[in-house]
Amino acid sequence: MQQGPRPNFRGRNPNFRREQQQEHRTNRMIRVPEVRLVGDNVEPGLYRTDDALRMAEDLQLDLVEISPNAVPPVCRIIDYNKFLYEKKKKEKEMKANAHKSEVKEIRFTPNTDDHDFDFKAKHAEKFLREGNKVKTYVQFKGRAIMFKERGELILLKFAERLAEVGALEGMPLMEGKRMIAIFAPKSAKKKPNTPKEPKEPREPKPQKEPKPYVPREEAPEPPQPAAPTSRPISAPVRRPIEIKYANRPPAPPTPPPAADDKQGEN
C-alpha cells in the first residue's frame, strides 16, 4: 500500500523553529498561568502571565523566562538581545581567564645522578606553579627492571622535593616497564574571612582657644664696640742686614775706640 505524503505539523506552529533555536522562552512562548517577576524595573512578586506580558509591552521590553524549573517560573522584563549579548560577553571573559591545565612528563632512569635530578626538579616546580600536573616515571630497560626499589626511592625523593608546590596523588605504581607517579599543584590557601571589629568612634578633639595678639617689644639695640684709643705710633727699628758669602772667612771684629781718641775729641 502506497503511503501518502506526511502531514506538515510544523506549519501549525509558526514559532516551532524559533523555540528550538532560542535558549530562553520569551513573551508568548511562556504558557504558564502565572510567573514570578524579578528585576529593577518592576515590583517583585507573583503576576498572571497576561499581566506580565502587558507590563513588558508597556515598557517596550521582553518577558524572558530565567528559571523555568522554579514553581512558578521566574521571569524578568528586559531587552532579550541585550541580555544575550551581555551573557556571551561574560562567558567569553571567563573562558579567556580560565587556565587550561596540561600534564607535563618528566623521565628518570634508575641511575639518574644528583645534577640531573636537581635540574628536573626545578622544571617540575615551575610546571606546578603554573597550574599544570606533572607525570614522572622511571624507565627500566633490560636488566634494570631488577632495581625497582631504586626507582621507587627516586620518585619518593622527588615527592619530598616538591612537597611545597605539589601533592602526590598516589604511591608510585608499575605500568609495564615504567614506574609512574603523578603530582598535582597545590591550591593557594585562602585566608579566612574574619569579620572586622567595628571601630570605636573617636572623641572630638577640644578646640584650642586662639591666643590674644601681643605686640612684640622692641629689642634693645646691641651695644656698639668702643672706639680704640689713639696711641703714638713709633717708627720701626731698622736693623743692619748681615750678608753672608760662601767660602769667605768672617770679618775680624772691630776694635773698641782708644781712650786717647776720646780725650782728643774733648
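Tabulated data
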{"item": "Conditions (1) of a type outside the set (D, E); (2) surrounded by fewer than 16 Cβ atoms within 10 Å (Cβ to Cβ); (3) touching a residue at least 40 places away in the same chain (Cβ under 8 Å); (4) outside any helix (DSSP H, G or I); number of the one not met by L84", "result": "(4)"}
{"item": "Residues of segment 126-145 that turn out to be assigned to a helix (DSSP H, G or I), surrounded by fewer than 15 Cβ atoms within 10 Å (Cβ to Cβ) and touching a residue at least 12 places away in the same chain (Cβ under 8 Å), as a count", "result": "2"}
{"item": "Scan of segment 146-163 for residues that are among the acidic types (D, E) and touching a residue at least 12 places away in the same chain (Cβ under 8 Å), ordered by number", "result": "E152"}
{"item": "Flag for I77 being aliphatic (A, V, I, L, M), open to solvent by 40 Å² or more (accessible area, probe 1.4 Å), touching a strand residue (DSSP E or B) at 6+ places or on another chain (Cβ under 7 Å) and within 30 Å of H24 (Cβ to Cβ)", "result": "no"}
{"item": "Any hit, segment 45-68, residues being in a helix (DSSP H, G or I), closer than 30 Å to R178 by Cβ and not hydroxyl-bearing (S, T, Y)", "result": "no"}
{"item": "Flag if M179 is without any contact (Cβ under 8 Å) to a residue 60 or more places away in the chain, surrounded by fewer than 17 Cβ atoms within 10 Å (Cβ to Cβ) and either over 18 Å from K122 (Cβ atoms) or out of contact with any Lys or Arg (no Cβ under 7 Å at 6 or more places or on another chain) (or both)", "result": "no"}
{"item": "Scan of segment 146-175 for residues that are in a loop (DSSP other than H, G, I, E, B), surrounded by 13 or more Cβ atoms within 10 Å (Cβ to Cβ) and of a type in the set (A, V, I, L, M), ordered by number", "result": "L162, V165"}
{"item": "Residue count for segment 63-74, restricted to those that are under 14 Å from E23 (Cα atoms) and open to solvent by less than 50 Å² (accessible area, probe 1.4 Å)", "result": "4"}
{"item": "Only listed residue being of a type outside the set (S, T, Y) and part of a helix (DSSP H, G or I), chosen from K104, K90", "result": "K90"}
{"item": "Residue in segment 22-29 that is under 46 Å from the mean Cα position of the chain (by Cα), closer than 20 Å to Y85 by Cβ and modelled with pLDDT under 80 present", "result": "yes"}
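The values are calculated or read from the model by the stated rules, or taken from the named source; none is laboratory data. Remember, predicted model here, so these are calculated numbers, not experimental data. Cβ coordinates were reconstructed from backbone atoms using ideal geometry, including for glycine residues, and neighbour counts include every protein chain displayed. Heavy atoms of the whole protein, side chains included, go into the accessibility calculation; ligands, DNA and RNA do not. Shrake-Rupley method; radii C 1.70, N 1.55, O 1.52, S 1.80 Å.
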